[in-house]
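The values are calculated or read from the model by the stated rules, or taken from the named source; none is laboratory data. The shown structure was predicted, so the numbers you read here are calculated from the model rather than taken from an experiment. Neighbour counts run over all protein chains shown; Cβ positions are idealised from the backbone, glycine included.
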Amino acid sequence: MTIRKATRLPGRAESCWVATAPATSYPRYEQSGRTNVAVVGGGIVGLTAAYLLARAGIAVTVLEALQVGRQVTGRSTAKITAQHALVYAELARTFGLERARLYAEANHVGAELVASLVRDLEIQCDFERKNAYAYTLRPARKSALDAETDIAREFGFDADLLDAAPLPFATTGALRFRHQAQFNPAKYLVGLADAITRCGGRIFENTRVGNVKRRPGGKSWRIESGRHHVDAEGVVVATHIPMWTPIPYDKRMRARCHTAMAFRTTSGAIDGMFIDVDQPSHSLRMGQDGDGPLLIVLGPSFPNGNDGDVAARFERLERWVRENVSAAGEVVWRWVNEDYDTADEIPYAGALTGEAAGMYVASGFNGWGISNGTAAAMLIADQIQGERNPWRTLYNPRRRAPTDFNPGGDTQSRVASVEDIAAGAGGVIEQGKRKIAVFKDSQGKAHAFSAACTHKGCTVTWNNADLTWDCPCHGSVFSCDGQVMHGPATDPLAPARVPNSSG
């Protein structure tokens, strides 16, 4: 039997964006009260919507389970671009030219709002204008790039087709969008949070929301966190995947991950933001930390919780970089980022209406959360203020969708006994109908929890790179000691007895 061994990987297990962002110290929510709008989640959607509302004079309260800007947004590749691989030709082919045009408009405007907020609020976030490239290694795919170039130009983008991407390895074609941008998203959101408070908004950290429900009479919402609550006329659920809603978004979206690594390099090792339009896809851009320039590379996607050896993905990614980019030095940072995909490649965002009137959601960004997330926040802020927004039908969160898009999954971490788990590793042991998640700390002491995700009971998988328990069905992530890192789960894994050596 293969023993579940701990794996040593190079670099620090943290996003370079989060590690270099200023610390925040907003208080925990510890006194019940009221507000006009409650925003659950301190990522790109939540903080952008909160700022736009606070700037308009609306009382806003942001409730963040951990710390602002340091979750999903802080682990993105942080490209501020409307260049989303081959999305426009696909949308035009599936839904028609006008819907594709709306998507282009929303993402262009969203990206430019980020740029204007960086400028107007003087946010120090390493913002740089860069060209964005979608490239291919396959000659047969040049025609797909050509078609995407044509439709991008029709939509007004400064786009052109190149024979090759300006990369240190051979490509057979590239679509270039000029005048896009990149930044440190964690620094940006820290700056945006500060602007919210200067406009009169309130922000609370380390405040995990356990429930959102209608108040008696049905005209307002109660958002509960521990023993306290906030009552609000409207609530924005900006929690990566919507929770507490009447629509089963967990069935309409798929959770997926990428491995990301940051290598020490020299300034100008590459110039631009790059993504391969084929599989296995890699994404590249430059960044920086306190010690100098970084080459940041994203590996191919995989379903969250459906790989029993995430560490091997980091090893393959490092090999790919060593074979293709000679300027890559030591690995400094590594992390896993997460996203949700929708069946039609368009996010769900906006007002739910009907029995959930006054609730607003945003999710399913298909890997393009900076521009889409900002556009979604603009839509939500407009709807709350009763203003018309042209993207309402595009992002309609109630639109028809296949309810079986997410097939679910099962644990990839089964072992026969505690003895099959090395120090620093984890595994799942079956005891009759019960499944126990066991983690051994660095001293070899075993810690046990129910392996049932507290969202809908799927059996979790041990992530041997991040040292987390990941749900293979709906994307919840728990720390090695069972605490919720992000949902849809809101409760920790239940403690359990360590199984005896007989299993």
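Could you tell me whether Val361 is closer than 27 Å to Leu295 by Cβ, in a strand (DSSP E or B) and either among the hydrophobic types (A, V, I, L, M, F, W, C) or within 21 Å of the chain's Cα centre (by Cα) (or both)? Criteria not met by Val361.
Among the residues of the range 26-33, some residue qualifies, meaning at least one is within 25 Å of Gly369 (Cα to Cα), at pLDDT 95 or above and surrounded by fewer than 24 Cβ atoms within 10 Å (Cβ to Cβ). Within the range 54-81, residues that are more than 22 Å from Ala23 (Cβ to Cβ) have Cβ atoms under 8 Å from residues that are among the basic types (Lys, Arg) and at pLDDT 95 or above in these pairs: Val60/Arg202; Thr77/Arg285; Lys79/Arg285, counting only partners at least 6 apart in sequence or on another chain.
With respect to Leu63, is the statement that it is modelled with pLDDT of 95 or more, surrounded by fewer than 16 Cβ atoms within 10 Å (Cβ to Cβ) and touching a strand residue (DSSP E or B) at 6+ places or on another chain (Cβ under 9 Å) true? So Leu63 fails the test.
Within the range 82-121, the set of residues being under 16 Å from Leu394 (Cβ atoms), of a type outside the set (A, V, I, L, M, F, W, C) and either in a helix (DSSP H, G or I) or without any contact (Cβ under 8 Å) to a residue 40 or more places away in the chain (or both) comprises Tyr88, Glu90, Thr94, Gly96, Glu98, Arg99, Arg101, Tyr103, Glu105, Asn107, His108, Gly110. Checked against (1) in a helix (DSSP H, G or I); (2) free of Cβ contacts under 8 Å to residues at least 12 places away in the same chain, Glu419 passes all but a single condition, namely (2). With respect to the conditions (1) closer than 23 Å to Thr48 by Cβ; (2) crowded, with 22+ Cβ neighbours inside 10 Å, Gly173 lacks only one, and its number is (1). Looking at the range 400-439, which of the residues that are touching a helix residue (DSSP H, G or I) at 6+ places or on another chain (Cβ under 8 Å) and modelled with pLDDT of 95 or more is farthest from Pro499 (Cα to Cα)? My answer is Gly427.
Check whether at least one residue in the range 490-503 is buried (at least 22 other Cβ atoms within 10 Å of the Cβ), touching a residue at least 60 places away in the same chain (Cβ under 8 Å) and within 24 Å of the chain's Cα centre (by Cα), and report yes or no.
Taking the range 490-503 and keeping what is buried (at least 22 other Cβ atoms within 10 Å of the Cβ), we get 493.
Checking which are touching a residue at least 60 places away in the same chain (Cβ under 8 Å) leaves us with none.
No, the range 490-503 contains no residue that is buried (at least 22 other Cβ atoms within 10 Å of the Cβ), touching a residue at least 60 places away in the same chain (Cβ under 8 Å) and within 24 Å of the chain's Cα centre (by Cα).
Among the residues of the range 122-145, which ones are among the aliphatic types (A, V, I, L, M), under 20 Å from Thr77 (Cα atoms) and part of a loop (DSSP other than H, G, I, E, B)?
From the range 122-145, those among the aliphatic types (A, V, I, L, M) are 123, 132, 134, 137, 140, 144-145; that's our starting set.
From the residues that got through so far, the ones that are under 20 Å from Thr77 (Cα atoms) too are 123, 132, 134.
Answer for the range 122-145, where residues must be among the aliphatic types (A, V, I, L, M), under 20 Å from Thr77 (Cα atoms) and part of a loop (DSSP other than H, G, I, E, B): just Ile123.
Considering only the range 278-287, state which residues are surrounded by 21 or more Cβ atoms within 10 Å (Cβ to Cβ) and touching a Lys or Arg at 6+ places or on another chain (Cβ under 7 Å). Arg285, the sole residue that qualifies. Within the range 153-166, the only residue that satisfies the criterion of being under 15 Å from Ile270 (Cα atoms) and either charged (D, E, K, R) or in contact with a Phe, Trp or Tyr (Cβ under 6 Å, 6 or more places away or on another chain) (or both) is Ala165. In summary, Asn389 fulfils each of the numbered conditions (1) at pLDDT below 95; (2) assigned to a loop (DSSP other than H, G, I, E, B); (3) touching a helix residue (DSSP H, G or I) at 6+ places or on another chain (Cβ under 6 Å) with the single exception of condition (1).
Residue-level check: of (1) among the acidic types (Asp, Glu); (2) farther than 25 Å from Gly210 by Cβ; (3) surrounded by 23 or more Cβ atoms within 10 Å (Cβ to Cβ), Asp470 misses just (2).
Among the criteria (1) without any contact (Cβ under 8 Å) to a residue 24 or more places away in the chain; (2) assigned to a helix (DSSP H, G or I), the one Thr149 does not fulfil is (1).
Kindly indicate whether Gly482 is crowded, with 21+ Cβ neighbours inside 10 Å and either under 20 Å from the mean Cα position of the chain (by Cα) or of a type in the set (A, V, I, L, M) (or both). In short, no.
Gln71 fulfils the conditions (1) surrounded by fewer than 23 Cβ atoms within 10 Å (Cβ to Cβ); (2) modelled with pLDDT under 95 except for a single criterion, (1). Which of (1) closer than 30 Å to Val277 by Cα; (2) not in a loop (DSSP other than H, G, I, E, B) does Gly69 not meet, given it meets every other one? Condition not satisfied by Gly69: (2). Exactly one residue out of Gly290, Gly268, Gly305 is touching a residue at least 60 places away in the same chain (Cβ under 8 Å) and surrounded by fewer than 21 Cβ atoms within 10 Å (Cβ to Cβ): that is Gly290.
Looking only at the range 178-218, filter to residues that are in contact (Cβ under 8 Å) with a residue 24 or more places away in the chain and basic (Lys, Arg); which one of those is farthest from Arg34 (Cα to Cα)? Here the answer is Arg178. The numbered conditions (1) closer than 30 Å to Ala164 by Cβ; (2) in contact with a Ser or Thr (Cβ under 9 Å, 6 or more places away or on another chain); (3) touching a residue at least 40 places away in the same chain (Cβ under 8 Å) are all true for Ser326 except (2). Selection of first residues in the range 8-29 that are under 15 Å from Ala193 (Cβ atoms) and in contact (Cβ under 8 Å) with a residue 24 or more places away in the chain and of second residues that are of a type in the set (Lys, Arg) and part of a loop (DSSP other than H, G, I, E, B), restricted to Cβ pairs under 7 Å at least 6 apart or on distinct chains, gives the following pairs, ordered by first then second residue: Val18/Arg70.
Is it the case, given these coordinates, that Thr81 is among the β-branched types (Val, Ile, Thr), under 22 Å from the mean Cα position of the chain (by Cα), crowded, with 17+ Cβ neighbours inside 10 Å and at pLDDT below 95? When the stated conditions are applied, Thr81 does not pass them.
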